[in-house]
Amino acid sequence: MIKKYEFGDNTQLSPHFNAKEFRCKCDKEHDFEVNEKLVENLEKLYKNLNCSKIIVTSGYRCATHDKNVGGNGTGQHTKGNAADICCYGQDGQPISSKTVCYTAQDIGFTGIANIDTSYQHTHVDVRTGSNWHGDETKGNNSVTSDFYQYLGIQKEDKNLMKGIDISVHNGTIDWNKVKADGIDFAILRAGYGRELSQKDARFEENYKNAKAAGIPVGAYWYSYAMSEDEASLEADVFLSVIKGKQFESPVYFDVEEKKPFDLGKEKVSAIMRAFLEKVESAGYFTGLYGSASSLTTHTSDDIKNRYTIWLAHWVNQTNYSGAYSLWQYSEKGFVLGINGNVDPDICTTDFPAIIKEKGLNGFGQSPTAEHDNKVNVTVQVGGDVFKGTLKKS
Ligand SMILES: [Zn+2]
Ligand SMILES: [Zn+2]
């Protein structure tokens with residue numbers, strides 16, 4: 001039911017909304033209207049998003065004011081059915097409009113649109129007739145599907161942690177915008193191969209700035225190893241690159257080059273084992289990145305059972321039957337603060353809690369201490385090869 005109010009009315013309409021928040025923002029000081037259903041739904045939104053506050057930037061509009069702000073003078077704002085809002089989380093920061101849009105859809109708002117390029121303001125209304133979904137940054141009728149489909153997220157996955165994986169190829173990143181867009185974690189490429197010079201050129205910068213923005217991070221190392229010895233050297237370089245840092249998410253070994261897989265399941269699994277064992281024994285929560293097919297056909301069960309799996313499978317619904325805790329489901333995500341496409345990931349495990357609890361990844365006493373005091377050596381004398389561990393004296 002739509003109710004009428006005089007300009008000066010400051011009736012408390014619900015626990016978090018007062019009538020005067022909805023009055024027209026023109027200078028005429030006239031009566032205004034508010035649909036009770038609008039306020040009821042805004043309260044639900046407040047609760048479902050666990051807001052600290054919701055600011056109504058525009059509620060009721062007279063025809064003149066509606067036209068002044070770009071409307072046609074007859075829209076939902078002129079009927080008391082609509083509000084443009086900015087929702088704030090418990091951390092005092094605006095909640096991404098993407099999150100607001102799909103949550104508003106779940107609640108039953110019938111008109112919903114993102115209305116600014118920073119994805120902080122959302123239009124919601126309780127129109128009757130057909131529903132309207134929009135993203136005004138992409139054109140008025142850009143969202144023809146529901147918001148889950150439009151944003152590329154599985155409905156049942158909305159409570160999962162949303163992440164991205166990043167390398168030098170993503171360029172300069174505005175991590176504060178990434179955070180504002182609702183990204184919960186980032187896996188950073190630390191580098192590749194077995195030379196220190198192959199450290200990712202933006203690893204330090206990404207690590208520092210993601211941390212400063214309050215985004216938990218993990219790391220990965222891209223492999224070119226063709227033998228266990230080469231994998232062991234890659235592990236050494238990786239450990240020296242991540243030394244002294246703290247990672248709330250696991251650190252991953254990324255094997256995706258064709259060549260090592262051409263060696264066959266047994267040999268490539270031995271390569272994976274060599275890297276993973278070394279990094280894990282240095283005090284890291286360690287995982288393996290792999291495609292659905294490489295994990296299925298070229299990775300031994302003992303590895304899949306021992307290490308957490310980061311599945312790469314660019315599909316809407318994966319048919320990969322093994323266990324995994326992190327899923328890179330596309331290479332075509334878009335996130336505020338990053339130019340071009342970015343790989344989106346979803347995570348089902350609360351790694352920060354586990355890693356901090358166990359004191360891994362730099363959160364306990366120096367996890368690399370053991371690594372620093374011991375070195376694995378291989379010596380060749382004539383035709384014989386000697387392998388062993390040397391302790392620092
Ligand atoms: Zn007005
Ligand atoms: Zn609006």
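Every number here is computed from the coordinates shown, using simple stated rules; none is lab data. Since the model is a prediction, treat every value here as computed from it, not as a measurement. Note that each Cβ is placed from the backbone with ideal geometry, even for glycine, and that neighbours are counted across all protein chains shown.
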Exercise. Distance from the Cα centre of region 106-149 to that of region 310-354, in angstrom?
Worked result: 25 Å
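Cross-link list LYS28/LYS79; LYS98/LYS245; LYS211/LYS278: which exceed 20 angstrom alpha carbon to alpha carbon? Write down the numbers at each step before the final one.
Values: LYS28/LYS79 17 Å; LYS98/LYS245 32 Å; LYS211/LYS278 26 Å.
From LYS28/LYS79; LYS98/LYS245; LYS211/LYS278, over 20 Å: LYS98/LYS245; LYS211/LYS278.
Could you tell me what percent of the DSSP beta bridges with both partners in the chain are antiparallel, to the nearest 5?
Details: 38 of 68 bridges.
Beta bridges within the chain, antiparallel portion: roughly 55 percent.
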Problem set entry | Over the chain, relative contact order from alpha-carbon pairs under 8 Å, at least 6 apart, % | 10 percent
For this session: Quote to one decimal, in nm, the extra length available between TYR224 and GLN317 on full extension: 0.36 nm per residue of separation minus the C-alpha distance between them.
Result: 30.5 nm
Seminar exercise, completed: Phi angles of region 47-56, converted by Karplus (6.51 cos²θ - 1.76 cosθ + 1.60, θ = phi - 60°) into ³J(HN,Hα) in whole Hz with x for Gly and Pro, give 6, 5, 8, 6, 6, 8, 6, 10, 9, 8
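Normalised by the residues of region 33-126, what does the relative contact order come to in percent, with Cα pairs under 8 Å and at least six apart? Mind dumping the intermediate values first?
Details: 171 pairs, mean separation 27.5, N = 94.
Relative contact order of region 33-126: 29 percent.
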Seminar exercise, completed: Fewest to most Cβ atoms within 10 Å: CYS101, CYS51 sort as CYS51, CYS101
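Normalise the Cα radius of gyration of region 2-151 by 2.2 N^0.38 Å (N = residues in it) and let me know the number. Display every interim value, and only then the final one.
Details: Rg = 14.5 Å, N = 150, 2.2 N^0.38 = 14.8 Å.
Taking the Cα Rg and dividing by 2.2 N^0.38 Å, one obtains 0.98.
Based solely on its DSSP helices, what 222 nm [θ] is calculated for the chain when runs of n ≥ 4 H residues each add -39,500 (n - 2.57) and the sum is averaged over all residues, nearest 500 deg cm²/dmol?
Helix-only estimate at 222 nm: -8000 deg cm²/dmol.
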Problem set entry | Placed amide H near ASN18: partners under 5 Å, 5+ positions off or other chain | LEU13
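Let me know the shape class of region 173-380, please: from the alpha-carbon gyration tensor, a ≥ b ≥ c as square roots of the eigenvalues, rounded when a/c is under 1.5, otherwise prolate if a/b is greater than b/c, or oblate.
Taking the square roots of the gyration eigenvalues as a ≥ b ≥ c, region 173-380 is oblate.
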Exercise. Which of the aspartates and glutamates could a cross-linker span from LYS155 if the Cα-Cα distance has to be under 12 Å and same-chain partners fewer than 8 positions apart are dropped?
Worked result: ASP106, ASP146
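Could you rank the peptides 256-266, 86-96 by their average count of other C-beta atoms within 10 Å per residue, with the highest value first? Numbers along the way, then the final one.
On the way: 256-266: 13.4, 86-96: 16.6.
Those peptides, ordered most packed to least, come out 86-96, 256-266.
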For this session: Could you work out how far helix 97-107 tilts from the main Cα principal axis of the chain, as a 0 to 90 degree angle to the nearest 10?
Result: 60 degrees
Problem set entry | For VAL143, residues with placed amide H under 5 Å, excluding near neighbours | ASP135
For this session: Report, for region 173-380, the % of DSSP beta bridges that are antiparallel, rounded to 5.
Result: 20 percent
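Got a sec? How would VAL251, VAL241 order by Cβ neighbour count within 10 Å, fewest to most? Please report the intermediate quantities before stating the final value.
Numbers: VAL251 27, VAL241 19.
The most exposed by this proxy come first: VAL241, VAL251.
Taking the Cα centre of the chain as origin and charging only Cβ (+1 Lys, Arg; -1 Asp, Glu), how large is the dipole, in debye to the nearest 20?
Numbers: 44 positive and 52 negative charges, 73 e Å.
Value, rounded to 20: 340 debye.
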Problem set entry | Kirkwood hydrodynamic radius of region 264-332, from inverse mean 1/r over distinct Cα pairs, in Å | 12.5 Å
Exercise. From the residues ILE2, SER142, ALA212, which one has its Cα farthest along the dipole of the chain in the positive direction, the dipole being from +1 and -1 charges on Cβ of Lys/Arg and Asp/Glu about the Cα centre?
Worked result: ILE2
Exercise. Using θ = phi - 60° and the Karplus curve 6.51 cos²θ - 1.76 cosθ + 1.60, what whole-Hz ³J(HN,Hα) does each residue of region 139-146 get, with Gly and Pro shown as x?
Worked result: x, 4, 10, 6, 9, 9, 8, 7
Exercise. Past the 29 Å Cα-Cα mark, which pairs from LYS162/LYS208; LYS199/LYS304; LYS208/LYS387; LYS199/LYS387; LYS179/LYS332?
Worked result: LYS208/LYS387
For this session: Using only the alpha-carbon atoms of the chain, report the extent along each of the three principal axes, biggest first, to the nearest angstrom.
Result: 97, 41, 31
